[in-house]
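First up is the structure itself, then whatever we jot down about it.
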Amino acid sequence: MNLPLSILDLATIVEGTTASDTFRASVEVARYAEERGFLRYWFAEHHNLLTIASSSPAVLIAHIAAHTERIRVGAGGVMLPNHSPLVIAEQYGTLERLHPGRIDLGLGRAPGGDHPVFAALRRSPNAADRFPEDVLELQALFGPAQPGQKVEAVPATGTRVPLYILGSSLFGAQLAAALGLPYAFASHFAPGSLEEAVTLYRREFRPSEQLAAPYVITAMNVYAADSPDEAARLYRSHLRNMALHLITRTGEPPPVVNEEALFASPAGRHAQQMLHYSAIGTPGTIRAEVERFARHSQADEVIIVTNIADTTARLRSFEIVADEALSIPTPSRLRS
């Protein structure tokens, strides 16, 4: 068995396109990922961002699962403070009944939006304080019905949808370890605590009914192309968009700014720091970059983020990843 590779789709709406275009592209990429042997295809919950169309991961998961046959599809993740555990159990239990054995549910403690979003969702910013209790409640709703249970998440009862704890800090690592759940670290945009969090998770992991041994998924950005100049252009294009978003914070058309000045600005430097774990390369170089990252992050699985506007270029990037990196040795061999 080789190192499992998966895909996190941010469902980005690029300039000149619509959300419908984005969803059609996601189907195309997911079908290709299934054909080449990627393990999972995940969406992450975001709200009030005009350039990201993944506000309803469950709907997108249903759409992708209906257009594929084998690849696992899931949320990476649902921002649980935004929701009642009952509603999430009902949604993902329904998905599991529709697509048995293919649905993943990653759970995050971050809000996936700002204070106005919380207000619009009719939720309190303090909802994140209940995250551990909400995870346990959700886990119970996916389990078998209990004597005297007053509320069941029909049709989720007994589906045992696998849960994953997402994080970018030590909190998520500690919780995942204590509950014996897989841990996915958001190193594609929050690289700072990666090593410390993964080490803590592996050290403190307690086996559970779902998982007998620690399982770590780490995320990296990949910008692969047939020439170094094109790979660098893809990276710089994403970096520019991130820096401008940090400046505007709205998704509105940003001001025209000289690229070099932008990259040297506080927002530009911050965006570069966020994209620290990025493979920028060509056939023949991407394998080494992914393998180095997997070893460094102690990964059992690597999830790839390829935020490239042009669908053809994005598919070519994944094609290079598939050709180069799907044959990387198993994680245990990488760490030996």
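Throughout, read-outs are computed from the coordinates displayed, never taken from laboratory work. It should be emphasised that the depicted structure is a prediction, and the values quoted were computed from it without experimental measurement. Here Cβ is always computed from backbone atoms with ideal geometry, including for glycine, and neighbour counts include all displayed protein chains.
Dipole size of the range 33-151 about its Cα centre, with +1 on Lys/Arg Cβ and -1 on Asp/Glu Cβ: approximately 80 debye, rounded to the nearest 20.
Helical runs (DSSP H, four residues minimum) scored at -39500 (n - 2.57) apiece and divided by the length of the chain put the mean residue ellipticity at 222 nm at -13500 deg cm²/dmol.
Can you give the alpha-carbon Rg of the range 51-198 over 2.2 N^0.38 Å, where N counts its residues?
In units of the globular-protein estimate, the range 51-198 measures up at 1.04.
What do you get for Rg/Rh over the range 123-194 if you use C-alpha atoms and the Kirkwood form of Rh? Here Rg/Rh amounts to 1.05.
Report, for the chain, the % of DSSP beta bridges that are antiparallel, rounded to 5. The antiparallel proportion sits near 5 percent. Taking 10 °C and 1.306 mPa s as conditions, the range 97-154 diffuses translationally at an estimated 114 µm²/s according to Stokes-Einstein applied to its Kirkwood radius (Cα pairs). From largest to smallest, the equivalent ellipsoid semi-axes obtained for the range 185-336 from the alpha-carbon gyration tensor read 30, 20, 12 Å.
Each principal axis of the Cα cloud of the range 68-129 was evaluated for its coordinate range; sorted largest first, these ranges are 39, 19, 18 Å. When every Cα-Cα distance of the range 155-273 is counted in 5 angstrom steps from zero, the calculated P(r) takes the values 2, 11, 16, 13, 13, 12, 11, 10, 7, 3, 1, 0 percent. For q = 0.08, 0.09, 0.14 Å⁻¹, what log10 I(q)/I(0) does the chain give under the Debye formula with an equal point scatterer on each alpha carbon and no solvent? Debye intensities relative to I(0), on a log10 scale: -0.36, -0.46, -1.18. The trypsin sites (Lys or Arg not before Pro) of the range 98-180 that meet both conditions, a loop assignment by DSSP and at most 12 other Cβ atoms within 10 Å of the site Cβ, are R122, K150. Looking at the range 1-141, what % of its DSSP beta bridges pair antiparallel, to the nearest 5? Around 10 percent of the beta bridges assigned by DSSP in the range 1-141 are antiparallel ones.
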